[in-house]
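The values are calculated or read from the model by the stated rules, or taken from the named source; none is laboratory data. If you're wondering where the values come from, they're calculated on a predicted model, not measured in any experiment. Positions of Cβ are backbone-derived with ideal geometry, glycine not excepted, and every protein chain shown enters the neighbour counts.
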Amino acid sequence: MAKKVSPRIVLAILSAGMLSFLGILDETATTVTFPILTREFAVTTDQVQWVNTLVLLVIATIVPISSQIRLRISTKHIFILGVLLFALGLIIDIITPRFDLLLLGRALQGVGTGIGLPLMYNIILTEVPKEKIGFMMGIGTMITACAVAFGPVFGGTITDILNWRWIFIISLVLILISLLTGTYSIEQINSLQDVKIKYGQWFSLALALVCLMLGFTQIAKYQFLSIQVAGFLALGIISLLIWIKISWSDKNALISPQLFENFNFSMQLIAYCFAKIATLALGFIFPIYVQTVNHGSVSLAGWITFPGAIINALMAALAGKLLDKKGARLLIIIGVCASLISLILMNFLAPLSNLEIVFLYILYYGGYGMCFGSLLTSGLLSLGKDNHAQGNAIFNTLQQFSGALGTALAGTMIALAQNQNYKNSTAIGSKWAFMILLVLIIINLLLTIVFVPKKK
C-alpha cells in the first residue's frame, strides 16, 4: 500500500514554495510597471531594469553557497531567515521614496529568495515517500510556473486598480502567513554537519558575476574601452580566473570548474543560457513595448504575455512526458526552431501590433517550454552520475545570471536608442534587441544540432 504524504509535509512544501513563488511573482509582476517607475523615480530604461536584474544577480551569487549553508543550518532556520530578509525587502519597497532604496529592498528580496529557493525541493526529496516524489516535484514545478504565468497579469491589474506598491503589500501579507505556517510545519530530518564553508571560492565567483554584469550594463552610457566598461569586465575576468585557480584542485569545491572540460556539457550549457537570455529579454521588452509604443494600459501589458506563459507551462509538461520516449534532441530542435521562427517574424514585422505580440510570444514561449527543460536534462546526462549535483549547481547559477543578462541586454538596447534621441526610440531599441536575440537563437540551434546526442 502506497504511503500518504502527511498534512504537515504538504504544509511545509507549500510554505517553502510560497517564498520561491513570491520571488518569481514579484519579478514578473514588476516588469509591467517599468514605464511607471521610470517616470515616478525619474530614471532611464537602463537604470530601471536593475529592479529585476539585481534580484536575479543576487540569487545567482547565493545559489552556489546555498548547499553548504543547508548542511550547517537547520531547514527551519534557513526558511525563517529567508522569509525575514524577503519581508524586510518588501517593507523597504513599500515605503521608499527613492530609487536606490527600492533597489536595496529588491536586493534583500533576492537574498531571501536565493536562500529559500532550494528549500521546497529539498523538503520534497528528504520527507516525501519515494513513490510520491514525482507527483510532489510536479506540484513544485507547477508553483513556479504559475508565478511566471500570473505575475504580469497580477502586476498589471493591481497597478491599474491601485498602484505598483500594492504588489509588494499583497506579497508581504502572503509571506508573513507562510512564515507562520512554515515555522509550525517545517522540521529537520537530516542531521547537520560541521562543514567548512568555502568563502574564498564563493567571494571570487560572486565578484566575477557582479563585475561582468556591471561592465555590460554600462555600455549604454560609456565607451567600451572606458574604465566603467572595460575596467569592470577586466576585474570580472580576473576574479573568474582566481575562482578557477582556487577551486581547481578542491575535490569538494562549491562548483567544480573541471566540469567545463566536458565540451559537450559546456556547449549545451551555453545553448541553455542563450535560451534564458532571450526569454528574459523578451519578457522585459514586450510590457514596455505595449505601453510605450502601442500606448496600451499596464493591465493590457500584463495580459498580453499571459497566453504565451500558459502555453510555455503546457509545452514544458508535454516535453517532460515525451523526453523518455523521443529523447532530448528532437524536442530541443523542435522547440528552438519554433522560437527561431518567432524571432525572425519579430524582426520582419516590427513595429508590432498587440495582436502580433500575443501570437509571436505564444510561438516563442511554446518553443522555449519544449526545449528548456530538455536542455537541462541532456546537459546533465552528458556528465557522470557522480557529477549531477555539481552540474545542477552550475545550471542553476548560470540560469539566474543569464536571466539577469537578458534583462540587462534589453534595457541597454532600448536605452542606447533613447540616448540617440531617435523618434520611436523604444521601438528602434527593441528592434536592435530582436536582432541580437535572433543571432543567439541561431547559435543555439547550431549548438543543439552538433552537441545534443541522439537517443540511444
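Each residue in the range 260-293 was checked for being farther than 17 Å from Leu209 by Cβ and over 15 Å from the mean Cα position of the chain (by Cα), and 18 pass. Considering the range 87-145, and only residues there that are basic (Lys, Arg) and in a helix (DSSP H, G or I), the residue that is surrounded by the fewest Cβ atoms within 10 Å (Cβ to Cβ) turns out to be Lys130. In the range 294-321, of all residues being more than 21 Å from Thr144 (Cα to Cα) and free of Cβ contacts under 8 Å to residues at least 60 places away in the same chain, the one that is surrounded by the fewest Cβ atoms within 10 Å (Cβ to Cβ) corresponds to His295.
Reported count of residues in the range 197-219, each being under 23 Å from the mean Cα position of the chain (by Cα) and not in a helix (DSSP H, G or I), is 2.
Of the residues making up the range 308-326, just one is within 8 Å of Gly369 (Cβ to Cβ) and either outside the structural domain of Tyr365 (by TED's automatic domain parsing) or β-branched (Val, Ile, Thr) (or both), namely Ile311. Do we have any residue at all in the range 371-383 that's modelled with pLDDT of 85 or more and closer than 18 Å to Asn312 by Cβ? Scanning the range 371-383, I find at least one residue that is modelled with pLDDT of 85 or more and closer than 18 Å to Asn312 by Cβ, so the answer is yes.
Here is a list: Ala281, Ala275, Ala230, Ala271. Which entry is closer than 30 Å to Ile310 by Cβ, touching a Phe, Trp or Tyr at 6+ places or on another chain (Cβ under 7 Å), among the aliphatic types (A, V, I, L, M) and not assigned by TED's automatic domain parsing to the domain that holds Ala147? Full working, then the answer.
Values: Ala281 fails: touching a Phe, Trp or Tyr at 6+ places or on another chain (Cβ under 7 Å); Ala230 fails: closer than 30 Å to Ile310 by Cβ; Ala271 fails: touching a Phe, Trp or Tyr at 6+ places or on another chain (Cβ under 7 Å).
Result of the check over Ala281, Ala275, Ala230, Ala271: Ala275.
Quick check, is Val229 free of Cβ contacts under 8 Å to residues at least 24 places away in the same chain and either surrounded by 15 or more Cβ atoms within 10 Å (Cβ to Cβ) or charged (D, E, K, R) (or both)? Answer is yes for this residue. Restricting attention to the range 143-197 and to residues that are in contact with a Gly (Cβ under 6 Å, 6 or more places away or on another chain) and hydrophobic (A, V, I, L, M, F, W, C), the residue that is nearest to Arg70 (Cα to Cα) turns out to be Ile143.
Report whether or not Gly151 is assigned by TED's automatic domain parsing to the domain that holds Leu71, modelled with pLDDT of 80 or more and touching a Lys or Arg at 6+ places or on another chain (Cβ under 9 Å). Spelling it out, it is not the case that Gly151 is assigned by TED's automatic domain parsing to the domain that holds Leu71, modelled with pLDDT of 80 or more and touching a Lys or Arg at 6+ places or on another chain (Cβ under 9 Å). Residue count for the range 1-33 under the criterion of being among the hydrophobic types (A, V, I, L, M, F, W, C), in a loop (DSSP other than H, G, I, E, B) and more than 24 Å from the chain's Cα centre (by Cα): the result is 3. For Ile170, the test of being crowded, with 16+ Cβ neighbours inside 10 Å and modelled with pLDDT of 90 or more is passed. Going by what's in this entry, would Gln291 be described as assigned to a helix (DSSP H, G or I) and surrounded by fewer than 17 Cβ atoms within 10 Å (Cβ to Cβ)? Spelling it out, it is not the case that Gln291 is assigned to a helix (DSSP H, G or I) and surrounded by fewer than 17 Cβ atoms within 10 Å (Cβ to Cβ). If only residues of the range 157-195 that are within 26 Å of the chain's Cα centre (by Cα) and small (Gly, Ala, Ser) are counted, the one that is farthest from Gly116 (Cα to Cα) is Ser171. Sub-7 Å Cβ pairs linking a first residue in the range 214-225 that is more than 14 Å from Gly236 (Cβ to Cβ) to a second residue that is buried (at least 21 other Cβ atoms within 10 Å of the Cβ) and charged (D, E, K, R), at least 6 apart or interchain, are Ala220/Asp46, ordered by first then second residue. Reported count of residues in the range 67-86, each being in contact (Cβ under 8 Å) with a residue 40 or more places away in the chain, surrounded by fewer than 24 Cβ atoms within 10 Å (Cβ to Cβ) and in a helix (DSSP H, G or I), is 11. For the range 2-21, the candidate set comprises residues that are farther than 19 Å from Leu84 by Cα and either of a type in the set (Val, Ile, Thr) or touching a Leu at 6+ places or on another chain (Cβ under 6 Å) (or both); within that set, the residue that is modelled with the lowest pLDDT is Val5.
Examine the range 103-121 for a residue that is modelled with pLDDT of 80 or more and over 24 Å from the mean Cα position of the chain (by Cα), and state whether such a residue exists. Looking through the range 103-121, none of the residues is modelled with pLDDT of 80 or more and over 24 Å from the mean Cα position of the chain (by Cα). Of all the listed residues (Ile189, Ile158, Ile170), the sole one being outside any helix (DSSP H, G or I), under 25 Å from Ala16 (Cα atoms) and out of contact with any His (no Cβ under 8 Å at 6 or more places or on another chain) is Ile189.
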